[in-house]
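Structure in structure tokens, see below.
The values are calculated or read from the model by the stated rules, or taken from the named source; none is laboratory data. Bear in mind that the values here come from a model prediction, so they are computed numbers and not experimental data. All Cβ positions, even for glycine, are placed from backbone atoms using ideal geometry, and neighbour counts span all protein chains on display.
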Amino acid sequence: MLSFDRLSKTYADGTHALSAIDLTVGRGEIVALLGGSGCGKTTLLRLVAGLDRPSEGAIRLDGEIVAEPRADVGVIFQEPRLFPWLCVAENVGFGLSHLSAFEREGLVTNALVRVGLAGHEKRWPRELSGGQQQRVAIARALVTRPKLLLMDEPFSALDATTRASLHGHLLALWQESRPTVVMVTHDVEEAVTLADRIVVMQPKPGRVFDELGNPLARPRDRLSPAFEAAKREALRALDRSLRHEAPHQEKAAETAGMWW
Amino acid sequence: MSAVEAAAIDTVGSASRGKAAPARSGLVWLGLVLPLLLALLWEALVAAGLANGRLMPPPSVVGRTLWELAASGELLTHAAATLSRVGAGFGLGALAGTVLGALTGALPVAQRLLDPTLQALRAIPSIAWVPLFILWLGIFEASKVALIAVGVFFPVYLGVAAAIQGIDRKVVEVGRVFRLSRLAMVRRVLLPAILPDWITALRSGLGLGFMFVVAAEIMGASEGLGYLLVDGQQLGRPDTIIAAIISFAVLGKLADGLLVAITRPFLAWQDTARDKL
């Protein structure tokens, strides 16, 4: 279980990025952090990844305080961040250097098959399209079987078709080991497609505005009325967060008899 | 994989590997056109009596001198002496420049401690070291190699330090996410990331090594292409001087080409516009 306890972050220049975040993410749960620009989504993710230190409060993963990067936490960044001097297979196997070459090769081959890149082992990153590079990044993060997977808008630079395809690959991989996933997105449809719970954040300083559960069963039909209703609800919460309204205003009346 | 993505791979892959190669190999000889034209022009001007061939001998005379030096084995002896000095000086200078550049680039403390002194030393004209090196190391090989090493050191040092300071934060963060130790970070991330800049710095250093070997051999040597220059001057033989200069140019170009050829396989991953220009 992942928990944030009164988590705050103020940068050296005085920017108050996060204020008193209290949140709990269950094991195997997929939580989407949704919010406008500057609401601290990426800052929060960097704190969980151990790339930055909180100013106040603490992050706990299975009871242990997260203060630095951990072997059981995988990160997928907004850009693929592949090492250009390593071929695809070497990029995927980057975190497996403790294993024998034989074991590593088996895991890498399997991971590449799972993301639809079998046969691309020896290619350079420059020879891949943006979507394929992001698939390699997904394979690299998941091949180590992390307990917690952090994703910082990993599909935001991709076209709609590639994004939908990657959602499918990601969910298929997630089904295998069911890691806890915390993802940052500003795409409401993506949040409803992937997440079990949507945490809407509010800027200046970044804080939790609202939490929306998503009971839609997987696989989720993007054209279904329930999916559309879920999107509308998340959009409404997002709008209210940006207008600095109260989180649950009109919610009871509007959602009466709706999908959740 | 979608058809679109498959097509994208084929396009990118073939463009980067394929068709520009034959065109490029044809262009290799293009570099000879200008010197050959200038040589022909000079030969024609001297033959027509429009230019003085005594102080600036025509290519035919220089070619004959080069041939005689080569046939007698003198050229090989002088070239070997020069190359061995450049090789030793380059090795020492490049090693020291790489190590100190990496230290000052990676460690702020090392930068504050070492960089001001090294930058001050860089400002000293190379010739100013000659008397000191002769006093300290004698007139023979050690002082010459030391002078060349000083020349090679600074471009390599600056190149490595700047390259390390310019490494993309995002790449380093991936290394941190995988919990690389400091040593593993250097070996698996920092060194490969600076490799292109390091090779450029080594090429600059090698070029300066050939400049400094002239100064080193002029200050007192019994063999070497620099010695040939002085010998030509003392004997009033401009053809010998030009033959030595041409030998320097050819050796420098060959050494640089060798360095490029050795390092090219390590840079195959680069996504450059080389084939598109």
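Can you pull out every residue in the range A:72-86 that is in a loop (DSSP other than H, G, I, E, B), surrounded by 21 or more Cβ atoms within 10 Å (Cβ to Cβ) and more than 8 Å from chain B (Cβ to nearest Cβ)?
A:80, A:82, listed by residue number.
At least 1 residues that are polar (S, T, N, Q) in each: list the helices (runs of 4 or more DSSP H) lying fully within the range B:173-247 that qualify. Walk me through how you get there before you give the answer.
Numbers: elements: B:182-185, B:191-218, B:225-234.
Hits in the range B:173-247: B:191-218, B:225-234.
Quick check on this structure: which one of A:43, A:109 is over 21 Å from residue B:171 (Cβ atoms) and surrounded by 15 or more Cβ atoms within 10 Å (Cβ to Cβ)? Steps first, answer last, please.
On the way: A:43 fails: over 21 Å from residue B:171 (Cβ atoms).
The match here is A:109.
Same structure, new question: Would you check if residue A:191 is assigned to a helix (DSSP H, G or I) and either charged (D, E, K, R) or modelled with pLDDT of 90 or more (or both)? Spell out the reasoning first.
Details: assigned to a helix (DSSP H, G or I): yes; either charged (D, E, K, R) or modelled with pLDDT of 90 or more (or both): yes.
Here the answer is yes, as residue A:191 does meet what is asked.
Next up: Under the condition of being at pLDDT 90 or above and in contact with a helix residue (DSSP H, G or I) (Cβ under 9 Å, 6 or more places away or on another chain), which residue from the range A:29-45 is farthest from the other protein chains (Cβ to nearest Cβ)?
Among residues in the range A:29-45 that are at pLDDT 90 or above and in contact with a helix residue (DSSP H, G or I) (Cβ under 9 Å, 6 or more places away or on another chain), the one farthest from the other protein chains (Cβ to nearest Cβ) is A:34.
Let's see how each residue does on (1) surrounded by fewer than 21 Cβ atoms within 10 Å (Cβ to Cβ); (2) assigned by TED's automatic domain parsing to the domain that holds residue A:115; (3) at negative phi; (4) not in a strand (DSSP E or B):
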| residue | (1), (2), (3), (4) |
| --- | --- |
| A:9 | no, no, yes, no |
| A:12 | yes, no, yes, yes |
| A:27 | yes, no, yes, yes |
| A:58 | yes, no, yes, no |
| A:93 | no, yes, yes, yes |
| A:99 | yes, yes, yes, yes |
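Let me ask another. Could you tell me whether residue A:104 is crowded, with 17+ Cβ neighbours inside 10 Å, among the basic types (Lys, Arg) and assigned to a helix (DSSP H, G or I)?
On the way: crowded, with 17+ Cβ neighbours inside 10 Å: yes; among the basic types (Lys, Arg): yes; assigned to a helix (DSSP H, G or I): yes.
Here the answer is yes, as residue A:104 does meet what is asked.
Which of the following residues is within 30 Å of residue A:142 (Cα to Cα) and part of a helix (DSSP H, G or I): B:148, B:164, B:127? So that I can check it myself, show each step before the final result.
Numbers: B:148 fails: within 30 Å of residue A:142 (Cα to Cα); B:127 fails: within 30 Å of residue A:142 (Cα to Cα).
After ruling out the rest, the residue left standing is B:164.
Specify which of the listed residues (B:70, B:163) is in contact with a Pro (Cβ under 9 Å, 6 or more places away or on another chain) and either on the phi > 0 side of the Ramachandran plot or surrounded by 14 or more Cβ atoms within 10 Å (Cβ to Cβ) (or both).
Values: B:70 fails: in contact with a Pro (Cβ under 9 Å, 6 or more places away or on another chain).
Sole residue among the options that is in contact with a Pro (Cβ under 9 Å, 6 or more places away or on another chain) and either on the phi > 0 side of the Ramachandran plot or surrounded by 14 or more Cβ atoms within 10 Å (Cβ to Cβ) (or both): B:163.
Follow-up. Please work out which one of (1) surrounded by fewer than 19 Cβ atoms within 10 Å (Cβ to Cβ); (2) touching a Cys at 6+ places or on another chain (Cβ under 9 Å) is the condition residue A:124 fails and give its number.
It is condition (1) that residue A:124 fails.
Could you list all residues from the range B:216-247 that are touching a residue at least 60 places away in the same chain (Cβ under 8 Å) and acidic (Asp, Glu)?
B:217, B:223, B:239, listed by residue number.
Mind listing just one residue for me: the one in the range A:119-130 that is over 22 Å from the mean Cα position of the chain (by Cα) and assigned to a helix (DSSP H, G or I) and, of those, farthest from the other protein chains (Cβ to nearest Cβ)?
Going through the qualifying residues, I end up with A:125.
Given the conditions (1) in a loop (DSSP other than H, G, I, E, B); (2) farther than 19 Å from residue A:28 by Cα; (3) facing chain B (nearest Cβ under 9 Å), which single one is not true for residue A:162?
(1)
Also, quick follow-up: Please note which helices (runs of 4 or more DSSP H) are completely contained in the range B:1-118 and include at least 3 residues that are modelled with pLDDT of 90 or more and more than 14 Å from every other protein chain (Cβ to nearest Cβ).
On the way: elements: B:3-17, B:20-27, B:33-47, B:59-72, B:74-106.
Here the list reads B:33-47, B:59-72, B:74-106.
Quick check, is residue A:116 facing another protein chain (nearest Cβ under 8 Å) and in a helix (DSSP H, G or I)? Lay out the reasoning, then the answer.
Details: facing another protein chain (nearest Cβ under 8 Å): yes; in a helix (DSSP H, G or I): no.
Spelling it out, it is not the case that residue A:116 is facing another protein chain (nearest Cβ under 8 Å) and in a helix (DSSP H, G or I).
Same structure again: Looking only at the range B:144-181, which residues are away from chain A (no Cβ under 14 Å) and of a type in the set (Phe, Trp, Tyr)?
Pass one, the range B:144-181, residues away from chain A (no Cβ under 14 Å): B:144-162, B:164-166.
Correct list: B:153, B:154, B:157.
Let me ask you something else. Out of A:69, A:54, which single residue is buried (at least 21 other Cβ atoms within 10 Å of the Cβ) and part of a loop (DSSP other than H, G, I, E, B)? Lay out the reasoning, then the answer.
Details: A:69 fails: buried (at least 21 other Cβ atoms within 10 Å of the Cβ).
So the residue among A:69, A:54 that is buried (at least 21 other Cβ atoms within 10 Å of the Cβ) and part of a loop (DSSP other than H, G, I, E, B) is A:54.
Across the range A:168-188, what is the total count of residues that are away from every other protein chain (no Cβ under 14 Å) and part of a helix (DSSP H, G or I)? Spell out how you get there, then give the answer.
At the first step, the residues of the range A:168-188 found to be away from every other protein chain (no Cβ under 14 Å) are A:170-188.
Next cut, part of a helix (DSSP H, G or I) only: A:170-177, A:188.
Result for the range A:168-188: 9.
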